[in-house]
Amino acid sequence: MKNRLSLLVFIISNSIMANVTLPTIFSDNMVLQRNSEVKFWGWANPKEEVKITPSWNNQEYKITADSYAYWQITIPTPKEGGPFSILFKGYNEVVLNNILIGEVWLCSGQSNMEMSANWGIENGDEVVKNANNSKIRFFTVPKQTATTPQNNLSGNWIECSPETMKNFSAVGYFFAKRLQEDLKNVPIGLISSNWGGTSAEVWMPETVFKKEPELLKATADYKPNEYCPVEPSRVFNAMINPLVGFKIAGTIWYQGESNVGSAIYDKTFSTLISSWRTLWNDDFPFYFVQIAPYNYGENHFGGAQVRDFQRRTLQVPKTGMAVTSDISTTDDIHPKNKKSVGIRLANLALANTYKTNSNLVNGPLFKDITIDKNRIAVRFDYSDGLYFKDKRSDQFEIAGSDDVYYLAKAEIKNNTVILTSNKVKNPKKVRFAWTNIAQSYLFNKANLPASTFISE
């Protein structure tokens, strides 16, 4: 009798304490990646069996929580559609409703990705008024920091409406709108994890700095900022790590202004990309925005250098860069034309990830140089229809072995730029648009501008 009573107490206490719970990234209104193996995870009593039944196939999947009260399982998703529901059943039940299957993108970076219509974008009132689209869903990660990697965060998925869109990433919203044009109105889920003023280093896992001490050394001179943290990994721990494993189609990124002055941003940025892909165990596409020209005061070349570092990051597989020098002003570090930025990012994804866009989606990108006596021929990728806007051709400079640059005479022949200068008899190097405020005058037939570059 005593044993039976003890067993009854044990069962009752476990039933009371047992609680199948999910991280908040799984909520009503979410979008799950289509045609994929999607990972779900959560917590329950140790050895508690969790049964998961999605309504798109009504099949029951079972998993048992481990001794750390953690469980995870992978479930296949169908093609785009919905709304669906998912039942999670242990000693208790959790039901998620109004779920769509489509494309999920992570939108991250600093203030230019965070910037919403409420901040004051071009035609913001009109955009907000027409932002009724229940097939676009938003998840906003709140600003938080942590000294160690976290496994959850606050937030919830919401449908796109004028009220919700006006406070969400404008670049993300325009990116989703453009995707839907070519993807036949497929649902789009956007996760916004941004913090204005942040350097790239705060978005990187601590393990990176243990392997690459050079990257940590570069942060030694970062001064405290009243608007954001500067300590490496603090933002990653709280705002990215809890998302790791949630199946995404890819990432769009807009950051770099806070790294102006870095001498190794190309390594920093490429390492950030690879570290995220490693944690997700997924070589997902990573499309980013080249920072716009801006007057950084006495630092005449730091912005140009970061733009060139971003260009060099294109050597990382499955990346793409949207150049924005023609859709910005040099006196505003927060350009208002966010629609063009979102469209250019989406066109990269549509061309390279979804293969639905065969148009030219890149501006001219430096390829190589050929030296013939006092002439340098500069070749570009994506150079069809190369031309100088307003017939301005005064942004190329050449240098000899002394590294002293002089303005070069530039002519376009067969989509190649030919450079000469009376002051440089034996040219060795070329640089283009090499000031912080330089807005490219070199375009291709898609009317997209060339990127800043230096040939060394």
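Contact map, segment 59-77: residues that are among the charged types (D, E, K, R) paired with residues that are in a loop (DSSP other than H, G, I, E, B), Cβ distance under 7 Å, separation 6+ or inter-chain. Pairs shown: ASP66/PRO46.
Residues in segment 84-101 that are surrounded by fewer than 18 Cβ atoms within 10 Å (Cβ to Cβ) and under 20 Å from LEU183 (Cβ atoms): there are none.
In this structure, ILE25 does not qualify as assigned to a strand (DSSP E or B) and surrounded by 15 or more Cβ atoms within 10 Å (Cβ to Cβ).
Matching residues to (1) within 22 Å of GLY261 (Cα to Cα); (2) in a loop (DSSP other than H, G, I, E, B); (3) over 24 Å from the mean Cα position of the chain (by Cα):
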| site | (1), (2), (3) |
| --- | --- |
| ILE412 | no, no, yes |
| LYS425 | no, yes, yes |
| ARG431 | yes, no, yes |
| ASN436 | yes, yes, no |
| LYS445 | no, yes, yes |
| SER451 | yes, yes, no |
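Contact map, segment 169-192: residues that are more than 15 Å from LEU32 (Cα to Cα) and without any contact (Cβ under 8 Å) to a residue 60 or more places away in the chain paired with residues that are of a type in the set (A, V, I, L, M) and assigned to a helix (DSSP H, G or I), Cβ distance under 9 Å, separation 6+ or inter-chain. Pairs shown: GLU181/ALA346; GLU181/LEU350.
Counting only strands (runs of 3 or more DSSP E) that sit completely within segment 305-383, those holding 2 or more residues that are assigned by TED's automatic domain parsing to the domain that holds LYS425 and under 30 Å from TYR406 (Cα atoms) correspond to 365-372, 375-381.
Please determine whether any residue of segment 173-188 is part of a strand (DSSP E or B) and not hydrophobic (A, V, I, L, M, F, W, C). Taking every residue of segment 173-188 in turn, none turns out to be part of a strand (DSSP E or B) and not hydrophobic (A, V, I, L, M, F, W, C). Flag not set for ASN299, criterion: more than 26 Å from VAL104 (Cα to Cα), touching an Asp or Glu at 6+ places or on another chain (Cβ under 7 Å) and surrounded by fewer than 19 Cβ atoms within 10 Å (Cβ to Cβ). Within the span defined as segment 55-65, every residue fails to be on the phi > 0 side of the Ramachandran plot and basic (Lys, Arg). Screening segment 102-126 for residues that are of a type in the set (Ser, Thr, Tyr) and closer than 20 Å to LEU179 by Cβ and picking the one that is surrounded by the most Cβ atoms within 10 Å (Cβ to Cβ) gives SER108. For segment 394-407, give me each residue that is within 15 Å of THR370 (Cα to Cα) and not in a strand (DSSP E or B). Within segment 394-407, just GLY400 meets the criteria.
The values are calculated or read from the model by the stated rules, or taken from the named source; none is laboratory data. Not measured: the values here are computed from a predicted model. A quick note on method: Cβ atoms are made from the backbone with ideal geometry, for glycine too, and the neighbour counts reach across all protein chains shown.
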